[in-house]
Amino acid sequence: MDRHRRPSAVLAVLAVPLAAVLLLAALVIPVSAAPPGPSRIDLPNGWAPEGITTGPGTTVFVGSLVDGAVWKADVRTGRGSILVAGVAGNVAVGTFFERDADRLWVVGGPTGQVRAYDASSGALLQTYTFSPAGFLNDLVVTDDAVYVTDSNIQQLDVIPLGPDGALPAPGAVTTLPLSGDIHFVAGQFNANGIVAARGWLIVVQSVTGQLFRVDRATGVATEIALGAGVDASFGDGLELHGGTLYVVQNQLNRVEVFKLGPGLASASLRTVLTSSGLDIPTTAAFVRGGLYAVNARFATPVTPDTEYWITRLPRR
C-alpha cells in the first residue's frame with residue numbers, strides 16, 4: 001500500500017542527523033519494489049502444476065498432476081530442474097516445505113496418499129495412505145502434526161509427528177472431523193487451502209467462499225468475518241506472510257489480500273492482485289518480497305506440448 005507522510009512527519013525526518021537518514025534509507029525498501037528475477041518462470045511443457053511452496057532461500061517447489069513429479073527452481077534466475085521423478089499413478093496436488101526438517105510434503109489428490117521427501121535429494125522418506133479418502137487437496141505442517149484437507153469428506157486427515165518432528169509409521173495416521181460453522185456441499189470441492197496461524201488452522205471453503213478458524217484439537221470451525229460484500233469464492237491455495245493472508249481465487253484469476261484481525265475472528269480485505277499472466281492460478285508462494293502464483297490452466301487440455309508457467313504478481 002502507498003504510505004503518505006503528513007508535513008509534521010516530514011519536518012521530523014529533516015531534523016534527524018544526515019547519517020541517520022542515510023542509514024534509514026538503506027534499510028527501508030518500498031513495499032511496491034519488485035524482487036529481482038523474471039516475472040514469468042516457465043515450467044516444463046506438459047507439467048500440469050497445482051501446488052507450489054517456498055523452499056530454502058529463493059527456491060520454490062512445484063508438483064505435477066500428471067505423475068506426481070516435483071520441480072525445483074530459483075525465482076531469481078527462473079531456472080530449475082526435476083527434484084522428484086514422476087511415477088505412473090502418482091499425483092501431486094498441494095505441496096509444503098518443512099524448513100526445520102528439510103522435508104517436502106506432497107498431497108496425492110484422489111490417490112489418498114501423502115508423501116514425504118528429502119527436500120535436498122528428492123528421496124522418498126515415507127508414504128501415508130488414508131482410507132476412505134475423497135480428494136486430498138492441500139496441507140500444512142505444524143510442530144506436532146501434518147494436517148490435510150479432503151475436499152469431499154468433511155474432515156482433516158492428520159499425520160502426527162513424533163519427538164523432534166520424527167516421521168511416524170505409515171499406519172499412525174488419523175482423522176479429525178470438521179464441525180461447527182463449516183458445511184460441505186455434496187459433489188463439490190469444499191475445503192481446499194489450509195495454513196497455520198496463531199495456534200489455529202485457517203481453511204477456505206471454495207464453494208461457499210468462506211474462511212474458517214479451526215481448532216487443531218477438536219476440529220471445530222468458526223467462520224472468519226470478512227465484512228459486507230466480501231467473500232473468498234473459488235478460494236484455492238492459501239499463503240500466510242506475517243499477519244497477511246493471500247487467498248488464490250482460481251477461476252477468477254486473482255488473489256485476495258486480507259489483514260487478519262485479533263483472534264482470527266475477522267479479516268479485512270486490503271487489495272486484490274491480478275495479472276494478464278494468470279491462467280487459473282491454484283496456489284501461490286511468498287518468496288523474498290514477491291508472490292509467485294502457479295497456473296494450472298484447467299481450461300486447457302493437458303498435452304506433452306502444453307505450456308505452463310509461474311507468474312510473479314505485482315505488489316500494491
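Length available on full extension from His183 to Asp100: 0.36 nm per residue minus the Cα-Cα distance, which gives 26.5 nm.
Among 300-306, 52-58, sorting by the average number of other beta carbon atoms lying within 10 angstrom of each residue, highest first, gives 52-58, 300-306. Here the label points at Arg198 and Val220, each 7 Å from Cα along the C-beta direction, are separated by 1.7 nm in the simple model.
Calculated accessible area for the chain comes out at 44 Å² per residue, all protein chains present (probe 1.4 Å; ligands, DNA, RNA ignored). Dipole check for the chain: with +1 at the C-beta of Lys and Arg, -1 at the C-beta of Asp and Glu, and the Cα centre as origin, the magnitude is about 1240 Debye. Close amide H contacts of Ala145 (hydrogens built in the peptide plane, cut-off under 5 Å, sequence separation of 5 or more or a different chain): Leu161. Heavy-atom accessible area for Arg99, with the other protein chains in place and a 1.4 Å probe, reaches approximately 130 Å². Within the listed set Leu156, Leu125, Leu245, the residue fluctuating most in the Gaussian network model of the chain (springs between alpha-carbon atoms under 10 angstrom) is Leu125.
Between Asn90 and any residue 5 or more places off or on another chain, the built amide H atoms are never under 5 Å apart.
Around the amide H of Leu291, modelled in the peptide plane, lie the amide H atoms of Leu313, all under 5 Å away and 5 or more residues distant in sequence or on another chain.
With all protein chains in place and a 1.4 Å probe, the accessible surface of the range 98-253 carries 51 percent carbon and sulfur. Residue separation of Ser81 and Phe286 scaled by 0.36 nm, minus their Cα-Cα distance, works out to 71.8 nm of gained length. Candidates Ala299, Thr175, Phe286 compared by Cα position along the dipole of the chain: farthest toward the positive end lies Phe286, with charges placed on Cβ.
The values are calculated or read from the model by the stated rules, or taken from the named source; none is laboratory data. The structure presented is a predicted model; accordingly, all values stated were derived computationally and were not measured. As a convention, Cβ positions derive from the backbone with ideal geometry for all residues, glycine included, and neighbour counts pool all protein chains shown. Accessible surface is based on the protein model in full, side chains and every heavy atom, while ligands, DNA and RNA are left aside. Shrake-Rupley method; radii C 1.70, N 1.55, O 1.52, S 1.80 Å.
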